[in-house]
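Peer 1: Take a look at the following structure, please.
The values are calculated or read from the model by the stated rules, or taken from the named source; none is laboratory data. The model shown is predicted, which means the values in this text are computed figures rather than measured ones. Here the Cβ positions follow ideal geometry from the backbone for every residue, glycine too, while neighbour counts run over all protein chains shown.
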């Protein structure tokens, strides 16, 4: 294949383009679908992890509630509560605090005032009803559990240890401590308040027992969540899973660590998560930048017993392991696609070459034919349409060879006929003077006879006819001589209808036309043509004689004229025997005749055709065997 325009090149290029586009689109669809599927799977997992984390968080609160209920059920409550001895209260509450791992433990009266504070017994009498857990327990006189915020001023009554745990320095998302931010001092607690009943008074509520755990910088719950959900799995030294408890938008408890290895408490919630969870009060499940890396996270609000949002619980898994897995899978997939594409392209190229190899044979064969070797053939028959093409090319080459042979035979025959014409020309040149001399004598005698006295009118008409026909005969001989010598004709302005009228006058005087009906349809006002009247009459005579022979049993001979496209058209139609289809292409050939030997020379139509061509016209024939023949010739209208 020698050009970029070859079928092989375009077919291969088009197929390569289709394969590349199809594989590219397929790869993009699969990559996007797989990425979306992986992301959705991870987000679904994180949402389920968040549900599990919430259950663990609630279970810790429930443990406090159960312990407080058990304590209230076992205690024999003296009335009034203030009558309890300090030592007895300390022993009881210390045991409860240690068993429940509580950071805060109060004994309250029915109005919510502190009767005894285990952490700081000297601080009593303050109102604890600000706490929504206690406040609701006071209203409902039953066990209430949940999460609450303890203000800094109230927490100060618990002692310096808890106050120090609640104190957190705020850290911006970039990990920088801002001087404008005040330290975070309030505390987030989970706890339960249970009513104390005096069974001697019929179960009358005589006070409340309240216990709570401080979540600030307490990592029991978040570590429990991380251990149960993620089994402390790591990726490149970093924990895959993380759990965090927020008070407002500040991390007060988290399993995540900063770059220095310390817990990342004091850092802020991402602004987009803050808006979604704390402001719009909706759950979040999406990727987010946490501390110093990207995580697939899930958050939900934490509400106090009064249904106010006071923080958030969040879990997340490190995005990097999933990105690595996704890249590994997609890389393997792309490698397979690239390999399959390359193999497909190689196979396609080989298949295209194999399929189009016959075209090379066809081109080589056509070059040989153009060079003159008509025996060249494709000679192969591959399966399918290509085999049909090769067979058709070979058949075409056979037809060309046969046609060339026929043309050579026709040329040889025409050369022979040309030689005959040359011989006729030489013969005409030799006998022209011999024929012209007697004809001249006849014309002289006819002229003298016309001058004789006493001739009848009929005799004079016969002499005129003899004179006219003898003159015409001399013109025919002169025309034959001129045809042989290729001499020029005497062209004058002619009215074709007048030429036809003269020919018809002669036709009506011939007895051969007695049984033939002659019809005329001559258009009036035809433009004149340039021509030789004698030669055109010779054409009309030749055509009428041929029609007469075709109308041996009688019939109709029609002559018509008309103007069309600045040409004068003459048609001569007979209703005779017609011409066979295989003879139509040869009737104008010199010496071709279908008449018996001795009945014709085959020059009439050939000479007539030549005369019309010399006049710048065209002669055509239409014939159907058994239905007649129509000869038509056109002559250009004279200009100027």
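Peer 1: Across the stretch 291-310, which residue is modelled with the lowest pLDDT among those that are more than 14 Å from residue 50 (Cβ to Cβ) and buried (at least 17 other Cβ atoms within 10 Å of the Cβ)?
Peer 2: Selected residue: 291.
Peer 1: When you go through (1) outside any loop (DSSP other than H, G, I, E, B); (2) outside the structural domain of residue 21 (by TED's automatic domain parsing); (3) out of contact with any helix residue (DSSP H, G or I) (no Cβ under 7 Å at 6 or more places or on another chain) one by one for residue 369, which number turns out not to apply?
Peer 2: Condition not satisfied by residue 369: (3).
Peer 1: Name, by its number, the condition in (1) surrounded by 11 or more Cβ atoms within 10 Å (Cβ to Cβ); (2) in the same structural domain as residue 298 (by TED's automatic domain parsing); (3) part of a helix (DSSP H, G or I) that does not hold for residue 347.
Peer 2: (1)
Peer 1: Could you please find all residues in the stretch 126-163 being over 21 Å from residue 63 (Cα atoms), touching a strand residue (DSSP E or B) at 6+ places or on another chain (Cβ under 6 Å) and surrounded by fewer than 21 Cβ atoms within 10 Å (Cβ to Cβ)?
Peer 2: 126, 127 - these are the residues of the stretch 126-163 that are over 21 Å from residue 63 (Cα atoms), touching a strand residue (DSSP E or B) at 6+ places or on another chain (Cβ under 6 Å) and surrounded by fewer than 21 Cβ atoms within 10 Å (Cβ to Cβ).
Peer 1: Here are 273, 222, 206: which of them is over 27 Å from residue 118 (Cβ atoms), touching a strand residue (DSSP E or B) at 6+ places or on another chain (Cβ under 6 Å) and in the same structural domain as residue 53 (by TED's automatic domain parsing)?
Peer 2: Answer to the selection: 273.
Peer 1: May I ask you to verify whether residue 313 is over 30 Å from residue 30 (Cα atoms), surrounded by 11 or more Cβ atoms within 10 Å (Cβ to Cβ) and touching a strand residue (DSSP E or B) at 6+ places or on another chain (Cβ under 9 Å)?
Peer 2: It is true that residue 313 is over 30 Å from residue 30 (Cα atoms), surrounded by 11 or more Cβ atoms within 10 Å (Cβ to Cβ) and touching a strand residue (DSSP E or B) at 6+ places or on another chain (Cβ under 9 Å).
Peer 1: Here is a follow-up. Quickly run through the stretch 94-120 and pick out the residues that are assigned to a strand (DSSP E or B) and surrounded by fewer than 18 Cβ atoms within 10 Å (Cβ to Cβ).
Peer 2: Those that are assigned to a strand (DSSP E or B) and surrounded by fewer than 18 Cβ atoms within 10 Å (Cβ to Cβ): 113, 115.
Peer 1: Determine if the stretch 582-599 includes at least one residue that is in a strand (DSSP E or B), more than 30 Å from residue 511 (Cβ to Cβ) and either modelled with pLDDT of 80 or more or assigned by TED's automatic domain parsing to the domain that holds residue 531 (or both).
Peer 2: no
Peer 1: On to the next question. Can you tell me which residue in the stretch 545-575 is surrounded by the fewest Cβ atoms within 10 Å (Cβ to Cβ), limited to those that are modelled with pLDDT under 85 and either in a loop (DSSP other than H, G, I, E, B) or out of contact with any strand residue (DSSP E or B) (no Cβ under 6 Å at 6 or more places or on another chain) (or both)?
Peer 2: Step by step, filter the stretch 545-575, then rank; the result is 553.
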